[in-house]
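Presented below is the structure to which this report refers.
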There are 2 protein chains.
Amino acid sequence: MDIQRKDVHNSNIPVLCQACESRHRGVCGALTNDQLLQLSQHSTRRTVEPGTELVGESLQTKSYANIISGVVKLSKMMSDGRQQIVGLQFAPDFLGRPFRQENGVSAEAATEVKVCSFPKAAIERMIREMPELEHKLLEQTLTELDEARDWMLTLGRKTAGEKVASFLLLIATHAFPDNESDSVTYDLPMSRTDIADFLGLTMETVSRQLTKLRADNVIRIVNNRHVIVPDLTRLSERAGF
Amino acid sequence: MDIQRKDVHNSNIPVLCQACESRHRGVCGALTNDQLLQLSQHSTRRTVEPGTELVGESLQTKSYANIISGVVKLSKMMSDGRQQIVGLQFAPDFLGRPFRQENGVSAEAATEVKVCSFPKAAIERMIREMPELEHKLLEQTLTELDEARDWMLTLGRKTAGEKVASFLLLIATHAFPDNESDSVTYDLPMSRTDIADFLGLTMETVSRQLTKLRADNVIRIVNNRHVIVPDLTRLSERAGF
DNA sequence: CGATATCCTTGATTCTCGTCAAACCGGCGA
DNA sequence: TCGCCGGTTTGACGAGAATCAAGGATATCG
């Protein structure tokens, strides 16, 4: 412990944070090395299995977290069980809403997820001291709002085929944010049922549309989860753009 | 001009702001009287007709605004013309996104709208000086995000009948935020076509569902726009709650 | 190795909602 | 007063997605 502390102090950046995306694109980018050090004293990393509930619908959380890797799904449910996934979060997104109680949204690990979590109180104190941190949170919230509204267009106005193509495109662009080429290969972070809940469709319809995209050589699928997109332009045409 | 300035100084609150909702529930609540005065020097009020474009899809805006009264609709459009309304804004919401360009969302007056607008630069300077102002913006953005996600559930998982009931309920609660009783009366702020674009339906389906709600005595409609809801509980049952 | 479970695909049928078309209604100007 | 006009309602029909029901594929476990 003492040794680790010394290491940290020497390099001036906490070891835990050195390779972390949150320090660049995420909220931690707002912190000085000293503040990072201070926060990292209270932060803990953990890895959770797919299906783990990270934030309960009503369950008051005692901590916030940054996503280090993996995909988190945010969903809402109606009293009769109908479900809608209202957002996906990727590294280095911030999980939790300072100064707010949750609003009927539950967060669940879609894949294996690594998070770096801190106590509620520590974050809220640092926010009060550092306007820059709040600015980062506003930035992320605006991005989430844009994404939510994009998805509303998908949910309200696209056909089943366009919806499924839109989903594949969404994952492609988030899995490789700065992909320049026109082809990508990746694993779907969730099951057909989850995809259906994200698109406002049934599992069967999702399956049929995937089959159709495959038949038209827009994608190839290996082992149900592994997707190969030879031509992103063609896929985005199928998504309605 | 000199006289007005003196008046303002005497009362310590700019006349324009004295009766304004934004000073209580809106972003201006973050400002001291002096700051309010400073901002009000640059602010102008105007009234626009239904259909007026307030923020263009790509059009870079030079100013921000608070909504004083009326309803603003935010919408997105696909290249082939399919349209989706992604949000409604009411007084005292803040219009515009400091430090961000617009994201393919256009804002249009749904009803007659009164706004109080300020130059972009003035707001951005004040935000930098006043963390509290940014905090208010974060609050509003989080609220909009919650509303967007609620609506995603509506778009993705509700039936046409539930959607229309949800819309009536949304307007009822926003027109009378703190209505205690179980009955309300109000005017719809938009046409059947707009309602359809908000719900991801066609005009005809909206009309049919309204007819059904009327036939079942859940609502009464006068002159196409005027709605009477005798029992909000019954309406919210129809909305899927 | 076969048995079971889970997830996914495919097929047949049903039903909700979209499309197309006509009629209705209140307002307005000629 | 009439006829026109935009917004709305209503009807007939069809397409697209949901539902119901089997039938594969893959992995896990005895």
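The values are calculated or read from the model by the stated rules, or taken from the named source; none is laboratory data. The shown structure was predicted, so the numbers you read here are calculated from the model rather than taken from an experiment. Note that we place each Cβ from the backbone using ideal geometry, even for glycine, and neighbour counts take in every protein chain shown. Only protein heavy atoms, including side chains, enter the accessible area calculation; ligands, DNA and RNA are left aside. Shrake-Rupley method; radii C 1.70, N 1.55, O 1.52, S 1.80 Å.
Numbers for the structure displayed
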| item | result |
| --- | --- |
| Charge dipole (debye, nearest 20) of chain A; +1 at Cβ of Lys and Arg, -1 at Cβ of Asp and Glu | 340 debye |
| Tilt relative to chain A, helix A:160-175 - C-alpha long axis, 0 to 90 degrees, to 10 | 30 degrees |
| Order by protection proxy (mean Cβ within 10 Å, highest first), peptides B:119-130, B:175-186 | B:119-130, B:175-186 |
| Signed unit charges on C-beta, dipole axis of chain B, positive-most listed residue B:I13, B:P119, B:M203 | B:M203 |
| For B:K114, label point 7 Å along C-beta direction: distances to other copies, nm | 5.7 |
| Label geometry 7 Å along the beta-carbon vector: A:D34 inter-copy distances in nm | 2.8 |
| Peptide A:136-142 - average C-beta neighbours from other chains (10 Å radius) | 6 |
| Value of Rg to Rh for chain A (Rh from inverse mean 1/r over Cα pairs, i.e. Kirkwood) | 1.01 |
| Label 7 Å beyond Cα on the Cβ vector: B:R46 copy-to-copy distances, nm | 5.5 |
| With DNA, RNA and ligands ignored, accessible area of B:H42 (1.4 Å probe; Å², nearest 10) | 90 Å² |
| Nearest-ten-degree value, helix B:120-129 long axis tilted from longest Cα axis of chain B | 70 degrees |
| Residue-by-residue Karplus 3J(HN,Hα) for the range A:76-82, coefficients 6.51, -1.76, 1.60, Hz, glycine and proline x | 10, 10, 8, 4, 8, x, 4 |
| Using θ = phi - 60° and Karplus 6.51 cos²θ - 1.76 cosθ + 1.60, couplings along the range A:233-238 (whole Hz; Gly, Pro as x) | 4, 5, 5, 6, 5, 5 |
| Top of A:A148, A:A19, A:A165 by mean-square fluctuation, Gaussian network on chain A, Cα under 10 Å | A:A19 |
| Burial order of peptide ranges A:194-202, A:105-113 (average beta-carbon count within 10 Å, highest first) | A:194-202, A:105-113 |
| Candidate residues B:E237, A:E139: accessible-area rank, largest first, probe 1.4 Å | B:E237, A:E139 |
| Total lysine pairs under 26 Å (Cα atoms) in the range B:80-239, excluding pairs fewer than 8 apart on one chain | 4 |
| Compactness of the range B:62-137 as Cα Rg over 2.2 N^0.38 Å, two decimals | 1.21 |
| Within 10 Å of each Cβ in B:154-163, the average number of Cβ atoms from other chains | 5 |
| The protein assembly as shown - Kirkwood radius from inverse mean 1/r over Cα pairs (Å) | 24.6 Å |
